[in-house]
Amino acid sequence: MTTTSALNSHEDTLVLPPIPSSDDVSTDPEVWDVIVVGGGVAGSALAYAQAQDGRRVLLLERDLSQPDRIVGELLQPGGYLMLKRLGLESCVDGIDSIKVYGYALFKGGNQAVVRYPIEGYSADVAGRSFHHGRFIQKLRGAAASCPSVTVRQGLVKKLVNDKGGEWQEGEVVTGVVYRHLPAAASGAGGGPQPPLDRSARAHLTIVCDGMYSNLRKHLSTPKIVHPSFFVGLLLRKCTLPVPNHGHVILAKPSPILFYPISSSEVRCLVDVPGEKLPSDLPAYLRATVAPQLPEELRGPFLEALEHPEAIRSMQNKLLPAAPLHQPGALLLGDAFNMRHPLTGGGMTVALSDCSLLADMLRPLPSLGDAMATAQRTADFYTRRKPLSATINTLANALYKVFSFTGDAAQEEMRQACFDYLALGGICSAGPISLLSGLNPRPSVLVQHFFMVALFGVGRLLLPRPSLRGLYMSAALLAVACRIIFPIILAEGVRAVFFPSLAPKPVVTVTPGGTVKRSTSLGVMAS
């Protein structure tokens, strides 16, 4: 039997070294152009982008060693295009990443393959799957290579105002207080230097400290929902039925994912609905999940269960973007906006936001004009909506459609979705172009969602209508409306479909440094 150490041996050979922390504060400017809180996907990419535009950037990250997560391992083609636009495409090289060309769907013994519509793009454009931590280290390394970026290991404790005190609502954010965590510096006695609380000032502070953000509450009105858990396994000696594709099994009670994350490893993610995991997780996986897997995947899955200590879990979170626009500060990444990770759209949204924000700030010769910068960041919250809302809505809607509830109409919708995608042509190209981030248009999303529903209705009413068919058709349409409309409302109808009509915050700063907002607009509606 393979030992646990042997199981980890391949992974250990590709653990990238920690990014060096710049612990010498003597050369720090009095005021940075940008402080970025968090060195994940959004934070590292944005720090790099701002450095390319000539800004002095302080990137603060509490742990510069390679992270280890079971999500954030699949970058959609649209996300790869954003990576290229930022000049960071080399970050998927040298980490044993895999090109991904589409998805294989499985339901009830049937299989459908849908491919990304990447014809017409350069040969390198495809999805990419990889170990999340390796990708993060490459992004951090790219940021650290810029002379105008200072990467420092530190834990941000609070935002500060222009007087250096703790920031309060109604004040301009002018920086942060952080606990400096020197990685290798020595104190006077020769031992490790103790952590120190330091302050840093900046014209713009961008918070990207991830899904567990402790600053989120200051810059948004978060309403987090926990629909399920992902339980992760790492499979070796596993040959996927369709190479270089993600695999989605429409199981009961919810979907199961398989995709390659290196040349010799396959990630399995089992969605477990609810706010608690089963008390005996290995038994649940053996009894409930394994029998529903295709035969080619069942053996490697059961073999991975022989090492229960390797079973990992993460609670999934849904967080609609609901920003409180604070001059001098901005939210990005999972700290700001999360959707169900079923479709792997999170990194695409984050990289798109970074690219858009960099484009919007680039015309400003300096970020020192608080009101000019605040106007740009206010516009950013609106202009990001069509793409982010399309990916968010698709992810959350697909999760609901693909989940089994026991309701007959819901199952009709679930089967209709599978069969619709299996038709190929425009029926698969349209939805997969949305999922891939290559065609992020909300109108196309709504069109295809209701085409799936009408496809299901047509099957129920043909060749001739029956009372049951009429009843189930009405019930199926009701299910479709119950799924899609609350998600769109949470994103904001005007912001999604008519962004130019969406309200923006009107902000003025008094001579005393306090902020006044227009009472007619208040906080920007999503």
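The values are calculated or read from the model by the stated rules, or taken from the named source; none is laboratory data. For clarity, every value in this text was computed on a predicted model and none was experimentally measured. With ideal geometry, Cβ positions are generated from the backbone for all residues, glycine too; neighbour counts draw on all protein chains shown. Protein only, heavy atoms only, side chains kept; ligands, DNA and RNA dropped before computing areas. Shrake-Rupley method; radii C 1.70, N 1.55, O 1.52, S 1.80 Å.
At a glance:
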read-out: Positions within segment 319-348 being within 21 Å of Lys217 (Cβ to Cβ), hydrophobic (A, V, I, L, M, F, W, C) and not in a strand (DSSP E or B), in sequence order; value: Ala321, Ala322, Leu324, Leu332, Ala335, Phe336
read-out: Candidates Ser186, Ser220 - the one that is closer than 16 Å to Asp23 by Cα, modelled with pLDDT under 95 and polar (S, T, N, Q); value: Ser186
read-out: Lone unmet requirement of (1) under 26 Å from the mean Cα position of the chain (by Cα); (2) over 25 Å from Gly333 (Cβ atoms) for Ala389; value: (2)
read-out: Yes/no for Ala304 being open to solvent by 10 Å² or more (accessible area, probe 1.4 Å), within 16 Å of Val231 (Cα to Cα) and touching a residue at least 24 places away in the same chain (Cβ under 8 Å); value: yes
read-out: Residue check, Arg69 in contact with a helix residue (DSSP H, G or I) (Cβ under 7 Å, 6 or more places away or on another chain), within 27 Å of Leu269 (Cα to Cα) and not β-branched (Val, Ile, Thr); value: yes
read-out: Residues located in segment 249-266, provided they are under 19 Å from Leu398 (Cβ atoms) and touching an Asp or Glu at 6+ places or on another chain (Cβ under 9 Å); value: Ala251, Pro253, Ser254, Pro255, Ile256, Leu257, Tyr259
read-out: Answer residue from segment 418-438, given it is part of a helix (DSSP H, G or I), touching a residue at least 40 places away in the same chain (Cβ under 8 Å) and under 17 Å from Gly120 (Cα atoms) and is farthest from the chain's Cα centre (by Cα) among those; value: Ala429
read-out: Qualifying residue in segment 439-451 (condition: out of contact with any Ser or Thr (no Cβ under 8 Å at 6 or more places or on another chain), of a type outside the set (Asp, Glu) and over 30 Å from His245 (Cα atoms)); value: no
read-out: Qualifying residue in segment 124-146 (condition: open to solvent by 30 Å² or more (accessible area, probe 1.4 Å), in a strand (DSSP E or B) and over 23 Å from Leu219 (Cβ atoms)); value: no
read-out: Residues of segment 201-237 satisfying the condition of being crowded, with 23+ Cβ neighbours inside 10 Å, among the polar types (S, T, N, Q) and more than 21 Å from Asn396 (Cβ to Cβ); value: Thr205
read-out: Scope segment 429-441; condition surrounded by fewer than 23 Cβ atoms within 10 Å (Cβ to Cβ), at pLDDT 95 or above and of a type in the set (S, T, N, Q); matching residues; value: Ser433
read-out: Test: residue in segment 443-459 that is surrounded by 14 or more Cβ atoms within 10 Å (Cβ to Cβ) and touching an Asp or Glu at 6+ places or on another chain (Cβ under 7 Å); value: yes
read-out: Of the criteria (1) in contact (Cβ under 8 Å) with a residue 40 or more places away in the chain; (2) open to solvent by 10 Å² or more (accessible area, probe 1.4 Å); (3) part of a helix (DSSP H, G or I), which one Leu357 fails; value: (2)
read-out: Within segment 329-347, considering residues that are over 17 Å from Asp209 (Cα atoms) and touching a helix residue (DSSP H, G or I) at 6+ places or on another chain (Cβ under 6 Å), the one surrounded by the most Cβ atoms within 10 Å (Cβ to Cβ); value: Gly345
read-out: Residue match in segment 397-409 (condition: open to solvent by 20 Å² or more (accessible area, probe 1.4 Å), farther than 28 Å from Lys252 by Cα and out of contact with any Cys (no Cβ under 7 Å at 6 or more places or on another chain)); value: no
